[in-house]
Every structure is written in structure tokens, then in C-alpha cells.
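Following: one structure in C-alpha cells, then a few remarks.
The values are calculated or read from the model by the stated rules, or taken from the named source; none is laboratory data. For clarity, every value in this text was computed on a predicted model and none was experimentally measured. All Cβ positions, glycine included, derive from the backbone under ideal geometry; neighbour counts span all protein chains shown.
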């Protein structure tokens with residue numbers, strides 16, 4: 001590829017003075033570990049083929065009132081990532097985050113000299129909560145009533161970023177952000193802003209939550225938001241008969257890069273991130289807000305410098321709960337107006353469950369692949385549409401379509417909202 005000049009992007013100025021010229025931000029590396037297995041291609045091909053990773057819970061002694069179906073990362077995936085001798089020192093989430101970060105760097109063809117100057121931002125809503133359960137159980141056992149010296153570094157929230165930076169030789173900022181189910185999207189948004197404004201040239205960003213345990217599943221069940229159906233079709237976003245979320249695990253890490261830097265080193269380019277927005281509902285700790293979500297969606301469109309009518313698809317947060325799905329549908333309708341009926345709005349949680357802090361990063365990977373392949377995956381298991389969710393959620397199966405610009409939404413407990421606009425790179 002040869003580019004003589006690369007035009008800088010100026011953010012939209014509808015709500016303030018014009019900003020200085022900004023860098024263009026592209027995605028040069030993708031790494032994924034999903035309930036389908038290890039690898040970006042497997043994740044994407046499984047979504048397109050309408051496969052479902054929701055299955056009976058394994059290796060967890062679930063409580064009688066807990067869900068019995070989930071989208072777990074099987075233990076044999078984790079065993080591939082770190083030597084057995086290190087297994088007890090790293091939380092499950094750390095093992096996956098380090099391995100997936102490595103995959104993303106390999107995909108981006110990043111050398112050690114570039115990585116030294118890179119930054120790393122990972123998002124996690126649940127951290128090492130599953131490992132914490134295990135540690136407390138061990139410590140309360142009458143035969144071993146004590147903690148181990150490696151327990152604190154194993155469960156500390158920053159461990160996944162710390163170990164990834166050590167493994168990859170990253171000398172820039174390495175941190176973990178937590179914004180519940182928007183954590184992965186928030187990490188990517190922070191990395192985008194750093195590159196856009198020249199603070200960094202290369203950043204690894206994404207989300208990781210590998211957290212399922214007896215106690216964590218019981219806690220979520222107590223909120224009455226989980227589907228209790230013993231079926232792989234337990235999560236049905238936007239469907240009239242939907243009955244709640246399915247708990248899931250996963251990780252996705254992306255390499256974001258200044259376009260000029262990427263082109264200069266001949267990096268592969270999966271797509272361009274054009275604009276991001278983060279916002280808070282300032283409304284309720286668990287109930288979503290139409291106004292808050294609409295504000296975030298509109299700000300992301302403005303930041304990307306595109307018109308609402310240019311957006312062809314929106315990868316929805318789509319949890320499969322009554323209130324969340326209706327709130328998101330209303331927010332999209334409010335922002336896009338008449339164009340909302342032309343949008344394609346898939347939700348992938350029916351296939352992979354709600355992967356919490358990883359969900360936004362996995363959705364963005366799916367959006368980038370949709371822009372590359374000009375094809376969108378379906379919203380699984382949903383047949384009859386909720387009349388209050390009237391948008392096109394691709395119930396019938398994957399669909400070929402022409403796409404230039406798309407969006408991914410993450411809306412979390414606490415009112416943490418993230419919207420990301422990406423475009424096809426050519």
C-alpha cells in the first residue's frame with residue numbers, strides 16, 4: 001500500500017469550538033477467546049453460521065436457584081495459555097487476557113521495539129471474582145485455615161494488565177478500567193482518545209471477564225435478571241418472549257494505531273475507528289435511561305463526523321431483558337429518527353451470552369469483521385418481535401449487505417454508556 005498524503009480528521013464542532021487536527025485511528029490487530037473457542041476467525045464464522053455457545057454449566061456446583069446454562073470458557077482453553085507451574089499464581093482472567101493480548105500483537109505484526117512504546121488498557125467488570133471464591137473456600141477449610149502469599153497478586157484487579165505488560169515488554173501505561181458491562185468499550189474509548197490526540201502511537205485495548213463461579217452466579221440469579229431456562233436458546237434479545245440474560249465469559253483485545261504509523265510499518269488494517277463517546281446516565285444504579293443512551297449515541301456520531309443516515313448497522317448491547325432491550329430500541333429510534341427503520345441491529349448475546357466487561361470489545365471485533373466481509377450475523381433464538389422493539393434485528397439468519405459505517409453500543413449498570421463508530425477501511 002502506498003499513501004502519499006493522509007488527511008487528518010477534525011472532530012465535529014456542533015457543540016463547541018473547532019479542535020486541533022487529530023490523528024486517524026485504525027485497528028491493526030485482533031485477538032479473541034470466546035465461548036466458541038480460541039481465535040478471531042472461529043468467533044466470527046460461528047456467529048455467521050448461527051452457532052450457539054450456550055450449554056450446560058460444567059465444573060461448577062451451582063446452587064438450586066442459579067442458572068444451569070451459561071456460555072463458559074472451558075478449562076482446556078485456559079490450560080493452553082500458561083504453564084501448569086504458573087497456574088495457581090494467575091487468575092483465570094489473567095491467563096486469558098495475557099494470551100489474547102499476545103494474539104492481537106501477533107496479528108498486528110508488532111515487534112518488541114514498537115511494543116516498548118505502546119500502552120495497554122484492559123477493561124473488566126468482574127475481575128478475579130471467581131478466583132476469590134476459590135481462595136475463600138480454601139482458606140475456610142478446616143484443614144488449611146490460611147491464605148497463601150500469592151493470593152493478593154493473583155486477585156488484584158490490575159493483575160491482567162500487569163502480567164500482559166511484563167509478557168509483552170510494554171513500557172507505556174498499563175492499566176485496568178472497570179465500568180461494569182461497558183468496561184471493554186470504555187478501555188477502547190480511552191485508547192482511541194490517546195492515539196487520536198497524539199499521546200500514544202500504538203495501544204492494546206479490550207475487555208476480559210472470566211469469572212463464573214458458584215457464588216457469582218448465585219448473586220446474579222438473586223437479581224432476577226437471568227434466564228432460568230435450561231436451553232441453549234435461553235437468551236433471546238428483542239424477542240417478545242425473552243426472559244433474561246445468560247451469563248458468559250470471554251476476552252477480546254484490539255491493537256489501535258495511528259494510521260501514519262501503521263502505514264509506515266506496513267501493518268494489516270482491519271478497519272478505522274472514527275469516533276467514540278462515553279457518558280453516564282446520572283439516573284439509577286441499575287435501571288437504564290433512554291436519554292442517557294441517546295446522548296451517548298448522538299455524541300459518538302458527532303465525534304465521527306458522519307451523518308446518522310450514513311450508519312448502516314448497530315451492534316446492540318441487547319441483553320435479552322425486558323427493560324434493557326426496550327430502552328435501547330427507544331434510544332436508537334430517538335437518535336436515528338426515520339432512518340432507524342433502515343438500520344440493521346444485530347445482538348450477539350444470544351450466541352455467546354453476556355460476557356460482561358468483555359462484551360463491548362467482542363462486539364467491536366464483530367462490527368469490524370462485518371465491515372470487512374460485508375455481512376452481519378443474526379440475533380439468535382428470537383422469532384416473534386417485541387412490538388416495542390420494532391427495529392431490524394436480523395432474526396432470520398446472517399445477511400449480506402453493503403456497509404461503510406457501523407456502531408457498537410455498551411450500556412452498563414451504574415449508567416455507564418459507551419458508543420463506538422467504526423468504518424470500513426479502503
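In the stretch 343-378, which residues are on the phi < 0 side of the Ramachandran plot, in contact with a strand residue (DSSP E or B) (Cβ under 8 Å, 6 or more places away or on another chain) and not in a helix (DSSP H, G or I)? Of everything in the stretch 343-378, those that are on the phi < 0 side of the Ramachandran plot, in contact with a strand residue (DSSP E or B) (Cβ under 8 Å, 6 or more places away or on another chain) and not in a helix (DSSP H, G or I) turn out to be 343, 344, 345, 346, 347, 348, 354, 355, 375, 376, 378.
Since residue 182 meets every condition but one in (1) farther than 14 Å from residue 361 by Cβ; (2) crowded, with 18+ Cβ neighbours inside 10 Å, which condition does it not meet? That leaves (1) as the condition not met. When the residues of the stretch 38-77 are filtered to those that are surrounded by fewer than 22 Cβ atoms within 10 Å (Cβ to Cβ) and within 16 Å of the chain's Cα centre (by Cα), the one that is nearest to residue 217 (Cα to Cα) is 38.
Please go through the stretch 200-215 and pick out each residue that is closer than 12 Å to residue 127 by Cα and either more than 20 Å from the chain's Cα centre (by Cα) or in a strand (DSSP E or B) (or both).
Answer for the stretch 200-215, where residues must be closer than 12 Å to residue 127 by Cα and either more than 20 Å from the chain's Cα centre (by Cα) or in a strand (DSSP E or B) (or both): 207, 208, 209.
Can you say whether residue 108 is more than 25 Å from residue 27 (Cα to Cα), surrounded by 19 or more Cβ atoms within 10 Å (Cβ to Cβ) and in the same structural domain as residue 30 (by TED's automatic domain parsing), as far as the supplied structure shows? No: the conditions fail for residue 108. Do we have any residue at all in the stretch 381-394 that's surrounded by fewer than 24 Cβ atoms within 10 Å (Cβ to Cβ), at negative phi and without any contact (Cβ under 8 Å) to a residue 60 or more places away in the chain? So far as the stretch 381-394 goes, yes, one or more of its residues are surrounded by fewer than 24 Cβ atoms within 10 Å (Cβ to Cβ), at negative phi and without any contact (Cβ under 8 Å) to a residue 60 or more places away in the chain.
Do you know which residues across the stretch 167-187 are touching a strand residue (DSSP E or B) at 6+ places or on another chain (Cβ under 9 Å) and assigned to a helix (DSSP H, G or I)? Within the stretch 167-187, 168, 183, 184, 185, 186, 187 qualify. The helices (runs of 4 or more DSSP H) found entirely in the stretch 252-342 that carry 3 or more residues being touching a helix residue (DSSP H, G or I) at 6+ places or on another chain (Cβ under 7 Å) and at pLDDT 95 or above are 290-304, 322-336. Restricting attention to the stretch 168-179, and to residues there that are in contact with a helix residue (DSSP H, G or I) (Cβ under 6 Å, 6 or more places away or on another chain) and under 15 Å from residue 93 (Cα atoms), which single residue is surrounded by the fewest Cβ atoms within 10 Å (Cβ to Cβ)? By that ranking, first place goes to 175. Can we say residue 190 is in contact with a helix residue (DSSP H, G or I) (Cβ under 8 Å, 6 or more places away or on another chain) and either crowded, with 24+ Cβ neighbours inside 10 Å or in a helix (DSSP H, G or I) (or both)? Taking the combined requirement at face value, the residue does not satisfy it. Take the conditions (1) in contact with a strand residue (DSSP E or B) (Cβ under 8 Å, 6 or more places away or on another chain); (2) more than 17 Å from residue 385 (Cα to Cα); (3) surrounded by fewer than 24 Cβ atoms within 10 Å (Cβ to Cβ); residue 335 misses just one of them, which is (1). For the stretch 81-101, the count of residues that are within 24 Å of residue 180 (Cα to Cα) and part of a loop (DSSP other than H, G, I, E, B) is at least one.
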